[in-house]
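A quick write-up on the structure given underneath.
The values are calculated or read from the model by the stated rules, or taken from the named source; none is laboratory data. The model shown is predicted, which means the values in this text are computed figures rather than measured ones. As a convention, Cβ positions derive from the backbone with ideal geometry for all residues, glycine included, and neighbour counts pool all protein chains shown.
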Amino acid sequence: MTRRYDIDLLLIRFDNDPEVLAQHIGVTARTVNRWIEAGGVPEDESDRVAVRCGTHPITLWGQAWIEPGLAAGESVQLSLFE
């Protein structure tokens, strides 16, 4: 199962218009609509999509982008010495 990230956070930046978002990130409106129906941006597209929106994926999706399965609102402590 593909991990997905909340597409609403992107749509808000583009007036909730899938067509405008699609043009900005270089995909078709059909692709954006498929992502909406599937529950969000697929993990393998998340970095490219965020960068094309002028940001980093962690800025959009927070710790969930780093830590698989991290529920919204939870925090994770990262350590270089694990």
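Only a single item in (1) in contact with a helix residue (DSSP H, G or I) (Cβ under 6 Å, 6 or more places away or on another chain); (2) at pLDDT 90 or above is not met by Leu9, and it is number (2). Filter segment 12-44 down to the residues that are loosely packed, with under 12 Cβ neighbours inside 10 Å, at pLDDT 95 or above and acidic (Asp, Glu) and list them by number. If the condition is that a residue be loosely packed, with under 12 Cβ neighbours inside 10 Å, at pLDDT 95 or above and acidic (Asp, Glu), then Glu37 is the only one that fits.
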